[in-house]
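Following: one structure in structure tokens, then a few remarks.
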Amino acid sequence: MDAYDIFKKLTKGLTFKHRVLGVKNNSQNSKPTVKKEEIEIKEEQLSDNEEDIQNHSDHSASDSEGDTDQDEKDDGGLQLLDGVKVGQKKKKKEKKEKTEDLKKKLELEEQNRFRNEHGIKTVGRHVPAALQDFSELTARYNISPALVDTVTQCGYSEPTPVQRQAIACMLEDRQILACAPTGSGKTAAFLLPILHALGAPAGGPRALVLCPTRELAHQIYREALRLSASCQLRCSVVRSIKESKVKEREATIRKSDIIVSTPNRLCYLLNQDNVNISLDKVKWLIIDEADKLFEGSAEQSSDFRQQMEQILGACSSKQRRVAMFSATHTPAVAKWCRHHMKGLINVTVGQRNAATNLVDQELCFCGNENGKLVAFRQLVQQGLKPPVLVFVQSKDRAKQLFKELIYDGINVDVIHADRTQQQRDNVVRSFRVGRIWVLICTELMGRGMDFRGVNLVINYDFPPSAIAYIHRGMDFRGVNLVINYDFPPSAIAYIHRGMDFRGVNLVINYDFPPSAIAYIHRGMDFRGVNLVINYDFPPSAIAYIHRGMDFRGVNLVINYDFPPSAIAYIHRGMDFRGVNLVINYDFPPSAIAYIHRGMDFRGVNLVINYDFPPSAIAYIHRIGRAGRAGQKGRAITFFTQDDVGNLRSIASVMKQSGCQVPEYMLQLRQNPNKRKKLQTKAPSRDKISTVLEKRPDKRRLEAANKALEDDKTKSTEAIKNAKNNKQRRIQNLEQQKQKNNSIEKGKNGISKRKKKNLAKKNSNKKSVK
Ligand SMILES: Nc1ncnc2c1ncn2[C@@H]1O[C@H](COP(=O)(O)OP(=O)(O)OP(=O)(O)O)[C@@H](O)[C@H]1O
């Protein structure tokens, strides 16, 4: 060690001018440092994901290791006196740092491996480790065991991927933009951290959840109630905002800790003069279906956008955190988040803008509008498994399709914006409890709605419309026994009120099908059925049995002729758990009705897109109503010649999620202008109707024709008469004229003669003279 080295060691950390010290140009030492900084900056710019960032930090760590090694080599220790060394302590410290760095590096590697295993990608700095399981919440974040118990009581045994990462981030107060497939549990992912962060009730909103539709707001509210069962926090949803109710709403909001609302309703309340709602204590602002709420640009002044901006302004607390969730990701949202959310973490599960891989997707070419109805009815005959959602592109088409299907004996209903709030609530409730099997809907239900057990989504109109054979929200899980306090109006209603379809082998055919052949041939599967009771057996029963019933698995058929009080008996409190009984009380009115009554709901998962969705994003959300919470699903999308413009993007989504699509579809030309137009305006389609225009009664038609003929003849006669009169008048006039002329002529004639005579007379007189 020379004098320079000693000097360097003693002055480490100090800055001084070289010239002052007489050091000329120590380019050798300074240059490499500058270069190293440049490299680091470049790497920082390139690293756009967490792995990169981690790699980068690992890299820096190894750099620093390199430095330490170098220092260690240099640092033999400064020998001031014999046996006394300066720098020993430092060496130990560096060694300790080195092991800590190594430990951190290993931890990061482990975290990344775990994320990869669950398809989680993150972008951002210092991303918290994803949760291993729910029990970790107590150990790591001190979450109350009661809250964790509630989660498990909800049937959530382990967190879904988005929950693993999003919950950890939010519990560490980090703002996030989370994108995860439909039905992957995003609602619980934001509700759990909120419930923990708010702790005890404090009066006044401290968490606000915004979503695009009222139905979705109610669904989130219900989930919040479920999860907050163990805490005292008050949660409320902003319901109808009639003028008379405004004060009531204000009072509820001021008492609540968590508010769920659509931006529209909340802004309406905020803008009332006599309402005083303060959102300045809001700590967490959650935006569900973020891409929908940020649709359109500020310049386009989309309603949602403007409302969002007003609400963001009202949530003025400095501690306010924003978290955005959606199944689809759009550049507009990403840009907004980058500019407005400090320390943002992007969480993506699976591939961005991909459909859930739990749904088996099919495309069905129907040729034209009539073809769609045929295809739909074929699906029904083949044994469509309810509950089914059918998407159509407009309110009018929803009404038309409903009119068509209501006579098919399918338990169908329709939901669209023209229906009153109460009707909409009733429809959703009926669908959830299984009273409705097929629900026809517009885009209104395309996002967020969670109908457990939806097996089929029909996109009836290839992009923008769908026939929804939807059971509006059937929730079969867990309900084993339903007591009907009031007597159900019909057996169908009865079945829907209380049936637990998991494993149930009971079918009550209240009405019998018109013919046995139709009944048998239309898809009944008797496997697993142990007992069939035909309550009122039709006279053609023997023929019915012999004509091809499939008895696989049927153990016993009782042709029972039971008194009418049996119905009361059966209907008043039957517990269907483990029942292997089919009672055909009355033959069903149609085979379709029969099929639907006897459906096996175990593992059902079907969605039909009757109208083609307007965009790939709409498609992803629609089919996401099936295949939820790990259940398998199926989606069929009808398309016609008119839908080819949008076909490629949807076929690509299908391919991306592992479904087979014909190669030609992926190579179809797309017109970007047309596609943009489709998103704003649905294509015009022929009316959904097979009802022929009613022919008028023949006799009436003849009478009408005759009357018309009479009218015609009358009128021709009248015309003729009029003509004659006119002619006569003309003739008279002409005659008169002629007369006049002749008189005139006559007059002229006498005068000429007179003149002649006078002239003669005059000449005679002259000659006499
Ligand atoms: N950890 C879990 N384990 C099992 N089921 C869960 C879990 N978390 C949520 N679920 C269930 O998964 C279903 C879908 O959840 P949720 O509605 O939150 O999905 P989502 O991701 O918001 O869907 P979408 O994008 O369509 O709005 C719900 O029925 C919910 O109860």
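Since every read-out is calculated from the coordinates, none of them should be taken as a lab result. Given the structure is predicted, the values throughout are model-derived calculations rather than measurements. Because the Cβ atoms are built from the backbone with ideal geometry, glycine has one as well, and the counts that use them run over all protein chains shown.
Using only alpha-carbon positions in the stretch 634-714, the gyration tensor eigenvalues give semi-axes of 51, 16, 10 Å once each is multiplied by 5 and square-rooted (largest first). Each of the peptides 407-415, 108-116 was scored by the mean count of other Cβ atoms within 10 Å over its residues; in descending order, highest first, they stand as 407-415, 108-116.
Magnitude of the Cβ-charge dipole of the stretch 137-219, K/R +1 and D/E -1, about the Cα centre, nearest 20 debye? Mind showing how you got there, number by number?
Values: 6 positive and 5 negative charges, 28 e Å.
Dipole magnitude for the stretch 137-219 comes out near 140 debye.
Going down the table (Lys255/Lys283; Lys8/Lys90; Lys242/Lys318; Lys121/Lys283; Lys632/Lys687; Lys121/Lys342), which pairs top 23 Å between alpha carbons? Let's see the in-between values first.
Numbers: Lys255/Lys283 16 Å; Lys8/Lys90 16 Å; Lys242/Lys318 33 Å; Lys121/Lys283 26 Å; Lys632/Lys687 33 Å; Lys121/Lys342 19 Å.
Where the Cα-Cα span goes over 23 Å, the pairs concerned are Lys242/Lys318; Lys121/Lys283; Lys632/Lys687.
The order of the peptides 215-222, 318-325 by mean Cβ neighbours within 10 Å, most packed first, is 215-222, 318-325.
Strictly greater than 21 Å: what percent of every Cα pair in the stretch 358-441 meets that? The partial results should precede the final answer.
On the way: 1036 of 3486 pairs.
For the stretch 358-441, the share of Cα pairs beyond 21 Å comes to 30 percent.
Amide H contacts of Leu606: Asn455, Leu456, Arg634, each under 5 Å away and 5 or more positions distant or on a separate chain (H built 1.01 Å from N in the peptide plane; Pro and chain starts excluded).
Around the amide H of Ser317, modelled in the peptide plane, lie the amide H atoms of Val282, all under 5 Å away and 5 or more residues distant in sequence or on another chain.
Would you please put 281-290, 95-104, 421-430 in order of how densely packed they are, using the mean number of other Cβ atoms within 10 angstrom per residue and starting with the highest?
On the way: 281-290: 23.2, 95-104: 12.8, 421-430: 17.4.
So the peptides 281-290, 95-104, 421-430, ranked by packing, come out 281-290, 421-430, 95-104.
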